[in-house]
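Asks: Provided herewith is a single structure, encoded as structure tokens, for subsequent inquiry.
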Amino acid sequence: MPQGSLPVLEIDGRKLSQSTAIARYIGRQCGLMGKTGWEQAQIDCVLDTCAEITIQYQALAQEQDIIRKKNIFKNILENIVPANLDYCERLLSTNNGGKGHLVGASLSLADLALYDYMDIIIHTFGFKLVNYPKVAAHRRKIAEIPRVAEYLKKRPQHDEVVDVVIAPAVEKCKKKHYKLTYFNFRGFAELARMVFAASGTEYEDCRVDRETEWPKLKPKTPQGQLPVLEVNGEVIAQSGAIARFLAKEAGMMGETNWEQGQIEMATDVMGDIFAAFASWFREKDETLKEEKRKKTVEETIPTVLSMIEKMLTNNPTGQGFMVGSSLTLADLALYDGLQYPIDMFNVSLDNHPKIAAHRKMIAEIPNIAGWLKQRPVTEF
Ligand SMILES: N[C@@H](CCC(=O)N[C@@H](CS)C(=O)NCC(=O)O)C(=O)O
């Protein structure tokens, strides 16, 4: 192979590589590269416009980080493709009185390139041509050219390299449908709900009735408990796993592995309060219940708060967040985890000014403020 890559065109023993060089060569051989130097330049311009997207395809396929992958995907669909199609729509309106070819008065390589390019955009990315009537009409016109129609009918349907490389990447980026199922209280689900709110992610906040709905649903859940999170039909349980998964999806699990470790340290330590609180809450024996309350208020909560205060003090960015310089799961876990102690045990933050300031800052973040205002009012 001339350059160790495919495709390669072989003619009388000579080999040529690079897909666009090959297409241009065949185009010239077949008289599809324009009748004048100017037409040729315009055809080149369309070919280069179409080639832009392949660079993005490669970036999309190679990117491992889901957030960056989504950004590339978004950029392709919201910027690159519309800009390219606007340009083609204009060409189709103005060229040759709008009679239907991109360049000149007859079929050129530009028409075939646009058809091929759109094929990928429509089938792989699910792009709709509703806002591009001229491009849509052009597509139909090209597909009806008898030899093109014949080729389209007989070409293999599922072995296009681009599909194999790109489709799995695109699949990952498709909009996800999230459904969080829990009971109608904050409890183990509220941290996940706060991640949804903070990140502005749409989801179904499903609250089942414990008496009437839960007995039927219980055997269908992975561990016989709620909350569960359903993502495009797949389900996970365990509130901590759910919150971490969602935070990761939303880019709220830190920028480095070390930051992630610190975030988990904070959420785990807040879990100590939650566990002590849950144990008190579920206790039926009045004497034991009081003992648990006392231990939680006098030991567990102060210990955790001093650990948290230390983390806030030691965060070198000094911007008030628990870890790094932006909102993470740690901040939401701290906010949510203190709600019960404050509401039910009258825990005061007077001796913890950094935590009090943090609480105020988090509650004022617009997405969070919105959720705190609109969330269903429940007793606990
Ligand atoms: N470790 C679990 C605990 C979940 C849990 O205890 N869920 C309770 C409600 S708060 C539940 O599903 N109870 C109903 C039952 O067990 O039938 C988690 O973090 O998700």
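Coordinate-derived values only; no laboratory data. Just so we're clear, the structure is a prediction, and the values are computed from it rather than from any experiment. We place every Cβ from the backbone using ideal geometry, glycine too, and count neighbours over all the protein chains shown.
Asks: Please name which of Ile142, Thr36, Tyr57 has its Cα lying farthest along the dipole of the range 31-172 towards the positive end, using unit charges on Cβ (Lys, Arg +1; Asp, Glu -1) and the Cα centre as origin.
Replies: Checking the options against the dipole of the range 31-172, the answer is Ile142.
Asks: Continuing with the same structure: Could you list which residues have their amide H under 5 Å from that of Val208, counting only those 5 or more apart in sequence or on another chain, with H placed in the peptide plane?
Replies: Under 5 Å from the amide H of Val208: Tyr182, Phe183, Asn184.
Asks: Now for a different question. Mean projection of the alpha-carbon convex hull of the range 31-172 over all orientations, in nm²?
Replies: Averaging across all directions leaves 8.7 nm² for the Cα convex hull.
Asks: Next question. Taking only the C-alpha atoms, wrap a convex hull around the range 179-243 and report its volume per residue in Å³ as a whole number.
Replies: Taking only Cα atoms, the range 179-243 has a hull volume of 78 Å³ per residue.
Asks: On to the next question. What are the semi-axes of the equivalent ellipsoid of the chain, taken as the square roots of 5 times the eigenvalues of the Cα gyration tensor, listed largest first and rounded to whole Å?
Replies: Largest first, the chain gives 59, 22, 19 Å.
Asks: Mind checking which lysines have their C-alpha under 22 Å from Lys15, skipping anything on the same chain fewer than 8 residues away?
Replies: none
Asks: How fast does the range 178-374 diffuse by Stokes-Einstein, in µm²/s, taking the Kirkwood radius from C-alpha pairs at 10 °C and 1.306 mPa s?
Replies: On the way: Rh = 17.6 Å.
Translational D for this selection: 90 µm²/s.
Asks: Among the DSSP beta bridges whose two residues both lie in the range 178-374, what percent are antiparallel, rounded to the nearest 5?
Replies: So the antiparallel bridges amount to about 60 percent of the total.
Asks: Follow-up question, since we're still on this one. Go through Ala333, Gly4, Ile301 and say which Cα lies farthest out towards the positive end of the charge dipole of the chain; charges sit on Cβ, +1 for Lys and Arg, -1 for Asp and Glu.
Replies: Towards the positive end, the residue furthest out is Gly4.
Asks: For a protection proxy built on the mean count of beta-carbon atoms within 10 angstrom, sort 217-223, 37-43 highest first, please.
Replies: Ranking, from highest mean packing down: 37-43, 217-223.
Asks: Based on DSSP, what percent of beta bridges with both residues in the chain are antiparallel, to the nearest 5?
Replies: 70
Asks: What list of ³J(HN,Hα) couplings, whole Hz, do you get for the range 175-187 from phi and the Karplus terms 6.51, -1.76, 1.60, once you set θ to phi - 60° and write x for glycine and proline?
Replies: 4, 9, 9, 9, 10, 9, 10, 7, 8, 7, 8, 6, x
Asks: Given R₀ = 45 Å, what would the calculated FRET efficiency be for Val148 paired with Trp214, taking r from the Cβ atoms and rounding to 0.05?
Replies: Between Val148 and Trp214 the formula returns 0.15.
Asks: Now, a different point. Please list 3J(HN,Hα) in residue order for the range 129-146, calculated via the Karplus relation 6.51 cos²θ - 1.76 cosθ + 1.60 where θ = phi - 60°; whole Hz, with x for glycine and proline.
Replies: 9, 3, 8, 10, x, 6, 5, 5, 5, 4, 4, 5, 4, 5, 5, 8, 4, x
Asks: How many lysine pairs does the range 178-374 hold where the Cα atoms are under 17 Å apart and the two sit 8 or more places apart or on different chains?
Replies: Close lysine pairs found across the range 178-374: 8.
Asks: Asp12 to Asn257: FRET efficiency via 1/(1 + (r/R0)^6), r the Cβ-Cβ distance, R0 56 Å, to the nearest 0.05?
Replies: Values: r = 56 Å, r/R0 = 1.00.
Computed FRET efficiency for Asp12 and Asn257 comes out at 0.50.
Asks: Per residue of the range 242-253, in order, report the coupling 6.51 cos²θ - 1.76 cosθ + 1.60 (Karplus, θ = phi - 60°) as ³J(HN,Hα) in whole Hz, putting x for Gly and Pro.
Replies: 5, 4, 5, 4, 5, 5, 5, 4, 8, x, 10, 10
Asks: Also, I was wondering about something else. Which residues' amide hydrogens lie under 5 Å from the amide hydrogen of Val228, considering only partners 5 or more residues apart or on another chain, with H built in the peptide plane?
Replies: Amide H to amide H, under 5 Å and 5 or more residues apart or across chains, Val228 pairs with Thr181.
Asks: For a protection proxy built on the mean count of beta-carbon atoms within 10 angstrom, sort 150-157, 243-250 highest first, please.
Replies: 243-250, 150-157
Asks: Let me ask something else about it. R0 = 22 Å: FRET efficiency of Lys128 with Ala59, Cβ-based, nearest 0.05? Can you show the working numbers first?
Replies: Values: r = 23 Å, r/R0 = 1.05.
Result of the calculation: an efficiency of 0.45.
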